[in-house]
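The values are calculated or read from the model by the stated rules, or taken from the named source; none is laboratory data. As the structure is a prediction and not an experimental result, all values here were calculated from the model. Quick reminder, even Gly has a Cβ in these numbers, built from the backbone with ideal geometry, and neighbours come from all protein chains shown.
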Amino acid sequence: MDLIDRLVAEVEERRDSLVSVTQDLLAYPTVNPPGHLYYEICLYLQERLQNSGFDVQLHRAHGAIADCDRYPRWNLIARRDGRTSGDCIHFNSHTDVVPAGSDWTRDPFAAAIENGRIFGRGSCDMKGGLATSIIAAEAFLACVPDFSGALEISATADEESGGYAGVAWLAEQGFVTPQRIQHVVIPEPLNKDRICLGHRGLLWAEIETRGRIAHGCMPFLGDCAVRHMGAVLEALETELLPRLAARTTSMPVVPAEARRSTLNINSIHGGQPGWRQDDNGDGFLASCVADRCSITIDRRFPGEESVDGAKAEIDQLLQDIRHRRPGFEYRLTEMFSVPPLEVDRNIPVARAVARSIDTVLGVKPRFVVSPGTYDQKHFDLVGGVRNCVAYGPGILDLAHQPDEWIAIEDMVDSAKVMSVAIAMLLTEGLSDKTFEHSNQN
Ligand SMILES: [Zn+2]
């Protein structure tokens with residue numbers, strides 16, 4: 001039996017273990033915000049990975065944004081060194097999940113199995129992927145105990161809120177460097193036959209319009225900030241959105257609807273509430289002209305555009321309104337931005353995963369780009385580790401949805417792909433060169 005067959009068989013043997021690890025992880029409601037149970041889920045993983053021969057360290061992200069005594073941000077790094085030195089392959093998963101929401105028809109933390117699917121908040125995004133990478137690593141270690149190099153598995157906090165107390169913090173502390181880590185796979189749910197090379201960029205910004213407060217019975221004495229915002233919304237609707245929709249990109253973003261620039265208006269707030277109830281249950285009116293109105297926007301863009309360009313375009317739109325609209329004053333404030341990212345599909349880790357998908361699943365892999373950002377940006381921008389892709393089981397569209405699930409068969413297939421990809425990167429016999437050579441002959 002050759003190595004690939006043995007790896008596949010070792011994963012197959014661990015099918016029940018893969019299911020139970022996934023269920024165990026789902027039972028921790030690591031909901032973020034606010035960031036529950038990071039320490040507890042790290043302890044669970046620590047025990048599991050120590051039993052598989054990993055050296056495990058837990059690190060609390062002291063000083064990072066959102067870390068506090070009530071909701072401490074804990075991260076885990078598990079490392080297993082081979083017999084001789086060589087490349088390190090690092091699997092990174094986030095342990096946080098978004099709130100379940102109210103539309104579930106099942107208990108979001110009971111991890112029920114129905115028709116080969118495990119249901120639970122975080123099943124596809126991305127505790128199923130985390131469990132899959134653990135099983136893949138264990139299967140590899142069983143087949144190749146005397147490997148060269150190192151295997152690392154990290155479980156990190158706060159990806160759903162930007163990753164600043166997770167991967168970004170670890171990178172700032174020196175745990176993510178090109179000297180320590182040579183290859184990174186992030187098992188986000190991109191489907192088992194697709195390799196994700198990066199993500200679109202984003203700009204979150206607030207637009208505020210200013211007015212002048214006055215009595216609501218004499219609005220002519222004031223200047224209404226809500227009406228000014230109406231002009232902004234109209235300009236977004238009739239000028240910017242059609243312009244964005246007409247742009248195309250060479251980035252292979254999935255789903256296809258996201259293969260362009262997009263803009264979401266996340267929120268709008270203006271003036272005083274016209275009517276509200278006080279503590280005694282009495283209603284009262286606040287009859288005022290609104291002196292302030294604000295919206296927050298979420299602008300996403302492909303590699304053909306930049307953060308500065310996206311911001312300048314919105315600023316120009318607002319300046320144009322100011323020219324034609326008397327009394328129009330605005331403030332544009334950037335809240336958060338991430339540049340677009342797309343690594344080359346020929347980087348070593350992408351090639352290994354691609355060859356593994358081809359070999360194990362018998363299909364040609366598809367290279368894609370994610371519509372939203374994930375922790376790859378911190379490996380790249382903070383850690384300087386560019387040899388990184390996202391690859392993992394699960395259907396992207398189910399992430400953050402009610403009744404989120406992951407198919408057991410997809411996890412098993414993906415664990416086989418990961419396990420063989422590790423072997424392709426860490427053993428001579430399956431390396432790129434040897435493989436190409438034997439394919440040519
Ligand atoms: Zn995720």
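Per this entry, A165 is counted among residues that are small (G, A, S), part of a loop (DSSP other than H, G, I, E, B), within 19 Å of E40 (Cα to Cα) and touching a residue at least 40 places away in the same chain (Cβ under 8 Å).
Taken over the stretch 142-162, the criterion of being part of a helix (DSSP H, G or I) and either touching a helix residue (DSSP H, G or I) at 6+ places or on another chain (Cβ under 6 Å) or surrounded by fewer than 20 Cβ atoms within 10 Å (Cβ to Cβ) (or both) is satisfied by A142, C143, S161. Filtering the stretch 134-144 for residues that are in contact with a strand residue (DSSP E or B) (Cβ under 9 Å, 6 or more places away or on another chain) and within 16 Å of the ligand (Cβ to nearest atom) leaves an empty set. Residue pairs whose Cβ atoms lie under 7 Å apart, separated by 6 or more positions or on different chains, with the first residue in the stretch 93-120 and within 26 Å of Q376 (Cβ to Cβ) and the second in a strand (DSSP E or B) and of a type outside the set (A, V, I, L, M), are H94/T156; T95/T156; I118/W405. What about K416, is it in the same structural domain as S133 (by TED's automatic domain parsing), over 29 Å from E172 (Cβ atoms) and not β-branched (V, I, T)? Taking the combined requirement at face value, the residue satisfies it. Under the condition of being buried (at least 22 other Cβ atoms within 10 Å of the Cβ) and within 16 Å of the ligand (Cβ to nearest atom), the residues counted in the stretch 167-191 number 9. Within the stretch 44-85, the set of residues being crowded, with 17+ Cβ neighbours inside 10 Å and assigned to a strand (DSSP E or B) comprises V56, H59, R60, W74, N75, L76, I77, A78, R79, R80, D81. Would it be correct to say that R194 is within 16 Å of the ligand (Cβ to nearest atom), closer than 26 Å to V11 by Cβ and of a type in the set (K, R)? Spelling it out, R194 is indeed within 16 Å of the ligand (Cβ to nearest atom), closer than 26 Å to V11 by Cβ and of a type in the set (K, R).
The sole residue among D432, D380 that is modelled with pLDDT under 95 and not aromatic (F, W, Y) is D432.
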